[in-house]
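**Student:** Take a look at the following structure, please.
The values are calculated or read from the model by the stated rules, or taken from the named source; none is laboratory data. In this text, all values refer to a predicted model and were calculated from it rather than measured experimentally. Neighbour counts are summed over all protein chains in view; Cβ atoms, including those assigned to glycine, are modelled from backbone coordinates with ideal geometry.
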Amino acid sequence: MIIQPQIQGVVARNCHPYGCQASVRDQIETVRALVQTNEIATKDSTPKRVLILGASSGFGLASRIALMFGPAAASTIGVSFERGPSEKGVGSAGWYNNVFVKQEADAAGLTTTNIIGDAFSNDVRQQVAETIRSQFGGKVDMVVYSLATGVRPNPEKGEFWRSAIKPVGKTVSGYSINLENQSLDLMTLPPATEQEIDETVKVMGGEDWLNWMSFLSDNHLLAEGCATVSYSYIGPKHTHDIYHGGTLGKAKIDLHQTRTAINTLLAPLSGQADVAVCKALVTKASVFIPGLTPYLLVLYKAMKAQGLHEQCIEQMVRLFYQKWPNKDDRDEDGLIRVDDWELSDDVQHAVNDILPLLNPENFRELGDFDGVYQEFLQLNGFEFDGVDYQADISLDALKALLP
Ligand code: NAI
């Protein structure tokens, strides 16, 4: 079969496996290039055995690559929920990211294991525990919590909590990008109900992060000095109606507060929980956030013009080798700010000048539509130089690729 991108709304319905390989290699090269330019420091404190929940794409994948292929040379366990190839389709990009991270790690002599399943399930927790015992000397030094999902099982009721990306207390109208039609569409979001707020906090708040840390602690799987980090977004004022002040923001505030409980849990090990506030970026999860995409278009344009644009991998290199090891590099709320360049005055002034002018006729010129669209395609393995997109790929060859 010849694989061409299939996009529905803001969802990619397929991926190109060998483009995912190119993406993984590109990210590894980025890390190695940053190491060579000495922009990142090696610290003795960098973690060596790392569990990454949500390791197959976006920030979790970038965390994994930065920690494995940077100076930490860490061994990693990556947990993700992905689909392999079958008669129904080629499988998901995250599946192939796992496959090729493992191949590159094997070639570099690094220990790595992929566990593919529902991170909310007891079964996956047990698999992680067994892997830590059998392959990681019984302990991990760091847990990266980077799950992004719309649903979480409610074990008591046998139902699901479902997140809703909505404003709180007001109706919000604005543009949202449609990647399938390449258009900017006007949309109106009604305020979330109390139940929608509560369920979004259940799905994207801190409870499951704490549950994971408690499980690992109860089973004596955390090393002395064990650290954990989870990711958040705050953003500038014009995104607050839909993000920081909306349901997702409520969930993130809950996540920030959960650090206190996890720090108490880790105190006997002298461990530490951190939340890193990251930059707005195109990922599988973020293009789903209605109303955020016009901001992304203008932000990309402004940050590229000022030479400050980063993708997940550059963000994670800066996080793990510059900001995280420097315990003084926290804001007044104790958060690590990798969104510092996004929120700098120069970038925000440029954004403020353009964003109010953006409309369905001019968004390609005023915003970096081409850049955002290319990053979206690349998340799914398309648009890489050096990949033969006309090649006939057999399903059997793909089934032989194991994560
Ligand atoms: P993503 O969609 O690229 O990755 C999500 C990961 O979670 C994937 O590896 C997926 O397989 C895994 N996952 C989802 N449900 C799972 C389940 N039930 N069991 C096991 N694995 C599961 O998401 P992204 O954007 O990297 O988000 C990660 C974190 O970063 C989130 O907390 C998000 O809020 C945060 N963040 C994202 C920003 C952005 O602009 N994309 C900005 C700042 C923070």
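**Student:** Out of Ile132, Ile77, report the one residue that is among the β-branched types (Val, Ile, Thr) and more than 16 Å from the ligand (Cβ to nearest atom). Can you show your working first?
**Tutor:** On the way: Ile77 fails: more than 16 Å from the ligand (Cβ to nearest atom).
None of the others qualify; the one that does is Ile132.
**Student:** If I filter segment 137-168 down to residues being free of Cβ contacts under 8 Å to residues at least 60 places away in the same chain and out of contact with any Phe, Trp or Tyr (no Cβ under 9 Å at 6 or more places or on another chain), which single residue comes out as nearest to Phe215 (Cα to Cα)?
**Tutor:** If we take residues in segment 137-168 being free of Cβ contacts under 8 Å to residues at least 60 places away in the same chain and out of contact with any Phe, Trp or Tyr (no Cβ under 9 Å at 6 or more places or on another chain), then Glu156 is nearest to Phe215 (Cα to Cα).
**Student:** State whether one or more residues within segment 344-364 are within 13 Å of the ligand (Cβ to nearest atom), of a type in the set (A, V, I, L, M, F, W, C) and closer than 24 Å to Ala276 by Cβ.
**Tutor:** Looking through segment 344-364, none of the residues is within 13 Å of the ligand (Cβ to nearest atom), of a type in the set (A, V, I, L, M, F, W, C) and closer than 24 Å to Ala276 by Cβ.
**Student:** Also, I was wondering about something else. Among (1) more than 21 Å from the chain's Cα centre (by Cα); (2) surrounded by fewer than 18 Cβ atoms within 10 Å (Cβ to Cβ); (3) not aliphatic (A, V, I, L, M), which single condition is Lys301 missing?
**Tutor:** The one condition Lys301 does not meet is (2).
**Student:** Out of curiosity, is Gly371 under 20 Å from Phe59 (Cα atoms) and not in a loop (DSSP other than H, G, I, E, B)?
**Tutor:** Spelling it out, Gly371 is indeed under 20 Å from Phe59 (Cα atoms) and not in a loop (DSSP other than H, G, I, E, B).
**Student:** Just to be sure, is Ala148 more than 26 Å from Val79 (Cα to Cα) and hydrophobic (A, V, I, L, M, F, W, C)?
**Tutor:** No.
**Student:** For segment 155-171, which residues satisfy the criterion of being surrounded by fewer than 14 Cβ atoms within 10 Å (Cβ to Cβ) and over 14 Å from Ala119 (Cβ atoms)?
**Tutor:** Let us first name the residues in segment 155-171 that are surrounded by fewer than 14 Cβ atoms within 10 Å (Cβ to Cβ), namely 155-159, 169-171.
Matches in segment 155-171: Glu156, Lys157, Gly158, Glu159, Gly169, Lys170, Thr171.
**Student:** Has segment 64-75 got any residue that is surrounded by fewer than 20 Cβ atoms within 10 Å (Cβ to Cβ) and modelled with pLDDT of 95 or more?
**Tutor:** Within segment 64-75, not a single residue is surrounded by fewer than 20 Cβ atoms within 10 Å (Cβ to Cβ) and modelled with pLDDT of 95 or more.
**Student:** Among the residues of segment 332-349, which ones are free of Cβ contacts under 8 Å to residues at least 12 places away in the same chain and exposed (fewer than 12 other Cβ atoms within 10 Å of the Cβ)?
**Tutor:** Just the residues of segment 332-349 that are free of Cβ contacts under 8 Å to residues at least 12 places away in the same chain, to begin with: 332, 340, 345, 349.
Selection gives Glu332, Asp345, His349.
**Student:** If we keep just the residues of segment 129-151 that are surrounded by fewer than 22 Cβ atoms within 10 Å (Cβ to Cβ) and closer than 18 Å to Tyr231 by Cβ, which is nearest to the chain's Cα centre (by Cα)?
**Tutor:** Ala148
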